[in-house]
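Everything below concerns the one structure shown next.
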Amino acid sequence: MLFKFALRPVRRPTIGLILTGGGARAAYQTGVLAGVARLLPPEAPSPFRIICGTSAGALNAAIIAQDAANFGRGVERAMNAWSALHGSSIHRSDAASVARHVARWAWTALTGDKRGRPVSILDNTPLRELVPRLVDFPAVRAAIGSGHLDALCVTASSYDSGQSVSFFEGRENLQPWTCARRRGVRATLEPNHLVGSMAIPFMFPPERIGDEYFGDGAIQQISPISPAIHLGAEKVLVIGVGRCAGPDVPLEPQPAHPSFGQISRHLFDSIFSDTLEADLERLQQVNETLALIPPKVRERSGLQQRLVEALVVNPRRPLDTLAAIRSHRLPPAIRVLLRAVGALRDGGSSVTSYLLTEEWYCKSLIRRGFRDAMAQRSQITDLLELPRARCRSVVHRPPGRAGVPVPAAARVIASGIGSPLRALSLQG
């Protein structure tokens, strides 16, 4: 006798990817993603149904999202983009342009500007031209339509309302939200959403989106994990670029007053890392509280909160010293500007690490990110619910070594041609 059994399909949890802000440090995130891609089968779709990015992390998020059907190819695009970047790719770095913008900024600060012209220290016109070349927004919509992606979310800070605004494009059943000092808005994502999210205060001019002006998304973002949870994530992988992982080490007291560069370091670190750490603590407290309530009781009471598993990958070693080594490669005008504010002196190299979009530095960050991902490959495998055999068999080989140039074919920005993980298998 033949028996037929109807097997109920196993439901996989919705996994979100959160890419924080950090300027040039965001190259590190692509290295971590390269490690994730190494754990997946070749040409596998993205394991992340929801992708959220802030500041420079928003650029990585959009590049990855457009290739949700082939995660390795998306990672390759992001790595190629960062490997080919220079300071002039993001802002005009010639002496005349920098001097003109600094003078205008100083004059406006002293006298005010009633004409309402955008004022910033640097001109980010090259960034405006770069974003459309790197991100194919119709491809993002196609990934959503094909079911490979639930949502892409880009967060920016509104100078008008003082709120953190998360612009998302995704499935029709996703709803906007409003919370304390933050809101989620459904939008058709365009290059100006990314430019606004990356507009570092004073460095780059605010970006107009709709009727409001926006700046760097890391400002006012008191809850970086919240957008992914609102969009339905049940697990999240958070890739940070702030303080290195591990316990805080007490610093030696300094007899002299802190320099402008040291103060700027604290400012940048508080913008790009402090809110993430606080949000992770809140998430842990909520999870511990919910774990005390039986699931059936939570279901009957209609609690909207749910347990959310989070894994964080942060640099295991400080990135400041790496930037200090290569600070001499900055354009002369930018080097003079940073030296004037103390960013090239002791304690100020952290500022340089956020602004140094130089090829060798970005490639070094990619390699560090890959190694850190491999160091946590067991935890990543568990989060993504991958076979353990895949974790044990993966080859721990970084994507190239310091000083080894990337082949010309791999330097074409967003080419998408060739093997999906070509850039991951470079040999010295």
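The values are calculated or read from the model by the stated rules, or taken from the named source; none is laboratory data. In this text, all values refer to a predicted model and were calculated from it rather than measured experimentally. Cβ: placed from backbone, ideal geometry, glycine included. Neighbour counts: every protein chain shown. Keep in mind that these areas ignore ligands, DNA and RNA; they rest on the heavy atoms of the full protein, side chains included. Shrake-Rupley method; radii C 1.70, N 1.55, O 1.52, S 1.80 Å.
Tabulated results
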| read-out | value |
| --- | --- |
| Filter result for R208 (among the basic types (K, R), open to solvent by 10 Å² or more (accessible area, probe 1.4 Å), under 22 Å from A142 (Cβ atoms) and free of Cβ contacts under 8 Å to residues at least 24 places away in the same chain) | no |
| Yes/no for V395 being part of a helix (DSSP H, G or I), at pLDDT below 80 and surrounded by fewer than 19 Cβ atoms within 10 Å (Cβ to Cβ) | no |
| Per-region count, region 210-237, residues within 30 Å of E385 (Cα to Cα) and out of contact with any Ser or Thr (no Cβ under 7 Å at 6 or more places or on another chain) | 10 |
| Single residue of region 122-161 satisfying the filter (within 15 Å of A199 (Cα to Cα) and small (G, A, S)) that is surrounded by the fewest Cβ atoms within 10 Å (Cβ to Cβ) | S158 |
| Subset tally (residues that are at pLDDT 95 or above and within 12 Å of the chain's Cα centre (by Cα)) for region 214-238 | 2 |
